[in-house]
Amino acid sequence: LSIYLSIYLSLRLTCSSPIRMLDSWLELVFRCSYLPEKSFRTVCDRVRDILIEESNVTPVTTPVTVCGDIHGQFYDLLELFRIGGDVGDQGVRYVFMGDFVDRGHYSVETITLLLLLKARYPGHVTLLRGNHETRTISRTYGFYTECLAKYGNTNVWRWCCEVFDLMPVAALIDEEVLCVHGGLSPELPSLDLIRLLERDVEVPESGALSDLLWSDPTDLTPGWELSPRNAGWLFGRDVVESFNRLNGLSLICRAHQLVNEGFKFMFDAELVTVWSAPNYFYRCGNIASVIEFEDASNFAAKVFEAVAPEHRKVPEKVLSPYFL
């Protein structure tokens with residue numbers, strides 16, 4: 001659909017009920033279209049009103065499906081929903097652990113779809129902040145440039161950053177399974193300390209908030225080591241075991257790292273990395289996964305591959321190559 005049809009449909013629905021308006025926008029965006037600026041601002045305002053009421057550690061009940069990085073791979077996100085099930089009042093409940101934008105061809109459409117689903121089904125979609133949901137990173141790795149190219153200005157990028165600032169940094173499934181984008185922090189030995197963080201800010205280069213979005217587990221050394229990413233930490237088995245024991249957790253789910261098999265359990269299954277962007281950056285050849293929880297003790301990974309080239313559109317003008 002052209003942007004002109006998007007504008008027409010948006011204007012026609014301005015006076016409709018909010019639910020009908022969101023449903024119509026969802027129908028549009030599911031076709032890999034993007035909304036007019038005014039409509040996008042409406043969605044952002046609605047989602048901000050929802051997020052501001054959520055805790056830093058937002059509670060989630062099972063059954064639920066946990067997803068890792070998406071990175072603007074819109075058609076692979078549609079495949080994720082095909083594999084995992086549709087969102088809806090009677091549909092699947094999802095936790096997305098951040099990194100919705102950057103590197104893929106369709107960051108605008110991807111974040112638009114996820115924000116619309118959050119606005120339409122707030123109790124069924126949990127959006128956690130990743131390290132790419134920041135001004136510094138998203139300005140560098142593609143999202144800013146894509147917004148500028150598609151809208152002719154940076155308004156959509158700025159509004160998204162305001163939404164990013166309000167996203168929770170963690171989710172807690174049935175009081176037993178912690179979901180977080182990156183990992184742990186030496187400054188945050190307890191969930192209560194995470195709950196006390198001031199999150200409505202741009203993520204600083206260092207400190208507790210940054211650690212949650214940037215840290216990685218390692219099975220090479222115990223304790224804490226500075227991360228080679230120049231942000232966050234590397235943390236070992238002993239750190240995970242201590243954190244889980246202190247907080248009554250059975251598992252930590254996190255994303256942030258490419259896993260060729262789609263998921264990877266560590267430390268006797270006390271931590272799992274979930275990756276949901278197949279054939280990452282359209283060249284890594286990896287498969288992807290989601291983790292489906294029936295309850296906190298019964299869960300399984302479901303893997304999927306990238307959508308075949310003939311079933312996806314590639315923009316005529318591709319962003320300059322970048323990789324980190």
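Give me a count of the residues in region 302-313 that are under 19 Å from Gly262 (Cα atoms) and surrounded by fewer than 18 Cβ atoms within 10 Å (Cβ to Cβ). Adding up the residues that qualify gives 4. With respect to (1) closer than 18 Å to Lys150 by Cα; (2) open to solvent by 20 Å² or more (accessible area, probe 1.4 Å); (3) in a helix (DSSP H, G or I); (4) not acidic (Asp, Glu), the lone exception for Arg31 is condition (3).
Do we find that Phe81 is among the aromatic types (Phe, Trp, Tyr), open to solvent by less than 30 Å² (accessible area, probe 1.4 Å), modelled with pLDDT of 95 or more and not in a helix (DSSP H, G or I) in this structure?
no
The residues in region 85-114 that are open to solvent by 10 Å² or more (accessible area, probe 1.4 Å) and within 24 Å of Val180 (Cβ to Cβ) can be counted, and the count is 5. Checked against (1) within 16 Å of the chain's Cα centre (by Cα); (2) under 25 Å from Glu27 (Cα atoms), Arg129 passes all but condition (2).
Taking the stated definitions as given, is Val156 crowded, with 20+ Cβ neighbours inside 10 Å and in contact with a helix residue (DSSP H, G or I) (Cβ under 6 Å, 6 or more places away or on another chain)? Here the answer is yes, as Val156 does meet what is asked. Contact map, region 303-319: first residue modelled with pLDDT of 95 or more, second residue assigned to a loop (DSSP other than H, G, I, E, B) and open to solvent by 70 Å² or more (accessible area, probe 1.4 Å), Cβ cut-off under 9 Å, separation 6 or more or different chains; pairs are Val303/Glu261.
The residues in region 246-266 that are in a strand (DSSP E or B) and of a type in the set (Val, Ile, Thr) can be counted, and the count is 1. If you filter region 34-71 down to residues that are of a type in the set (A, V, I, L, M) and outside any helix (DSSP H, G or I), you find that the one that is most open to solvent (accessible area, probe 1.4 Å) is Ile52.
Return the total of residues in region 171-189 being farther than 17 Å from Ser55 by Cβ and open to solvent by 10 Å² or more (accessible area, probe 1.4 Å). Quick ask: steps written out before the conclusion?
Taking region 171-189 as the starting set, the residues that turn out to be farther than 17 Å from Ser55 by Cβ are 182-187, 189.
Adding the requirement that they be open to solvent by 10 Å² or more (accessible area, probe 1.4 Å) leaves 186-187, 189.
Of the residues in region 171-189, 3 are farther than 17 Å from Ser55 by Cβ and open to solvent by 10 Å² or more (accessible area, probe 1.4 Å).
Comparison of Phe299, Phe267 shows that the only residue that is open to solvent by less than 50 Å² (accessible area, probe 1.4 Å) and either of a type outside the set (Ser, Thr, Tyr) or under 26 Å from Glu146 (Cβ atoms) (or both) is Phe267.
Name the residue, out of Ala231, Ala277, Ala208, that is under 27 Å from Phe81 (Cβ atoms) and buried (at least 16 other Cβ atoms within 10 Å of the Cβ).
Selected residue: Ala277, the only one of Ala231, Ala277, Ala208 that is under 27 Å from Phe81 (Cβ atoms) and buried (at least 16 other Cβ atoms within 10 Å of the Cβ).
Residues Glu175, Glu205: which one is modelled with pLDDT of 95 or more, part of a loop (DSSP other than H, G, I, E, B) and closer than 25 Å to Ile111 by Cα?
Details: Glu175 fails: closer than 25 Å to Ile111 by Cα.
Answer to the check: Glu205.
Find the residue count for region 129-153, including only residues that are open to solvent by 40 Å² or more (accessible area, probe 1.4 Å), free of Cβ contacts under 8 Å to residues at least 60 places away in the same chain and under 19 Å from Val47 (Cβ atoms). The total comes to 0.
Among the helices (runs of 4 or more DSSP H) confined to region 92-160, the ones with at least 3 residues that are within 24 Å of Thr65 (Cβ to Cβ) are located at 107-120.
The values are calculated or read from the model by the stated rules, or taken from the named source; none is laboratory data. Please read all numbers here as calculations on a predicted model, not as lab measurements. For neighbour counting, all protein chains shown are included, and Cβ atoms are generated from backbone atoms with ideal geometry for every residue, glycine included. The protein model used for the area step is the full one, side chains on, heavy atoms only, and it has no ligands, DNA or RNA in it. Shrake-Rupley method; radii C 1.70, N 1.55, O 1.52, S 1.80 Å.
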